[in-house]
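None of the figures in this text is laboratory data; all of them are computed from the coordinates on show. The shown structure was predicted, so the numbers you read here are calculated from the model rather than taken from an experiment. Positions of Cβ are backbone-derived with ideal geometry, glycine not excepted, and every protein chain shown enters the neighbour counts.
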Amino acid sequence: MRIRASLAAAAFSGAAALTALAVPAAHAGENPAATKAEQFKSAHQAPGKQRSFAASSAAEADGDIQVTKVTVNANKDVVVGLSPKSFNVYVTVTDPSGVNAEQHGVDVALWHGTDPDPETGDLDGFLWNENGAESCDYWSATAATCKFTITAKPGEADGLWDSSLNGKWNVTVFASANDGDTYTNDFYKNHWIKRASSFSGFNAGPEPVAKGKTITISGTLKRASWSYMKYYGYGSQYVELQFKKAGTSTYSTVKTVKTSSSGYAQTTVTASAAGTWRFHYAGNSTSSVADAYDYVDVR
C-alpha cells in the first residue's frame, strides 16, 4: 500500500511568497517524504503573505528575480540500483539587487506525486539536501549559480522506499534576492529517476566457432526492485541483438528478441566473422539502458 499525503500551501516572508510541498503535522509523522517536505517549507517560512497554490499557476515571482537555469544530474537520468546514488543540481539565479544565497536563500528539491493542489494533491517521494547549497559561484553582482548534492537512497523510508517511485519527478525551486524579491516554482521542470537494469549470465558461443556454424546468444535482463532490494528478471521487454565486427567501431542491429516472463532471452545466428555480440536494452520511462557484451572468435 502506498503512503500518500496532501500537499499544503505555506506562508512566506515580506512581500514574497514561496510555495512548499507540505502536509498536516499528523500526516508528516506517518510519511517520511511528507516530513521532508515540511522541513523544506520550514527552511523558508516566516510570517507574511499566504500563497494559495494551484497546479495551473506553478510559478510565482515577486519583483524582478529570475531563475534562469536548473540542471539536474548533468541533464541525464538519475539511475539507482540497490545502493545510494548522489547527484548534483545547479541553480542559476539573477536579480538586479544581487542574489541572497545564504541559509537556503536558494534551494531546490525533487518530489514525486500527482498534483500539489492543497485540496486534491498528494506526495509520496521527496529528495532534498537539508544542508542547502554546497557552494555558490557569484558570476557578477547580479547573478549566481548554486550547487546542491542530493542523495537518493533505495529501500529507505525517507528515500526511494518503493519501486513505484520510478519515473517522472518534479523539480521545485526557491530563490531570494538581496532586496527581498523571491521566486518559487514547484513545477520548474521534470526529471526522471529510473531503476537500474542489467544483464546476468550473458554468453555468446561456442568460442571459438567455425565459420558457417551456429552461435547461440543468451542472457537474462534484470531490474532493481527498491521495494525488496533485489534484482528481478524483467519480462516482456524487447532486446536488440547487435554485432560489431572485429576491427570496426560501430554496432549494427541484427534482430530484436523479446524476453520471457522471467527476463530470459535467447537467439541464434550464423557465424560469419569474428567480433563482439551485444544485447542492448534501450530502457523505458522507469528503467535504465543496459548492455552486455561477448567476443566470439570465428575461424
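Can you pull the one-decimal nm distance between simple spin-label points at Thr149 and Lys168, each 7 Å off the Cα toward Cβ?
Each label point lies 7 Å from its Cα, and together they span 3.1 nm.
Using a cut-off of 17 Å between alpha-carbon atoms, which lysines can reach Lys255, once sequence neighbours fewer than 8 places away in the same chain are excluded?
Those lysines meeting the cut-off are Lys244, Lys245.
Can you work out the FRET efficiency for the pair Ala157 and Ser86, with r the C-beta to C-beta distance and R0 = 22 Å, to the nearest 0.05? Please report the intermediate quantities before stating the final value.
Numbers: r = 18 Å, r/R0 = 0.83.
After rounding to 0.05, the efficiency reads 0.75.
So how much slack lies between Tyr238 and Thr142, counting 0.36 nm per residue of separation and subtracting their Cα-Cα distance, in nm?
Working: separation 96, 0.36 × 96 = 34.56 nm, distance 5.03 nm.
That works out to 29.5 nm of additional length.
Could you name the lysines whose alpha carbon sits less than 20 Å from that of Lys168, not counting residues in the same chain fewer than 8 places away?
Once the sequence-local lysines are set aside, what remains near Lys168 is Lys36, Lys69, Lys76, Lys85, Lys153, Lys189, Lys194.
Each label point is 7 Å from the Cα along the Cα-to-Cβ direction; what then is the distance between the points at Asn131 and Asn190, in nm?
Each label point lies 7 Å from its Cα, and together they span 3.2 nm.
Pop the C-beta distance of Thr248 and Arg299 into the FRET formula with R0 = 22 Å and round what comes out to the nearest 0.05.
On the way: r = 19 Å, r/R0 = 0.84.
That gives a FRET efficiency of 0.75.
To make sure I understand the rule: partners must be aspartates and glutamates, Cα under 16 Å from the Cα of Lys222, and not fewer than 8 residues away in the same chain. Which ones qualify?
Glu240, Asp291
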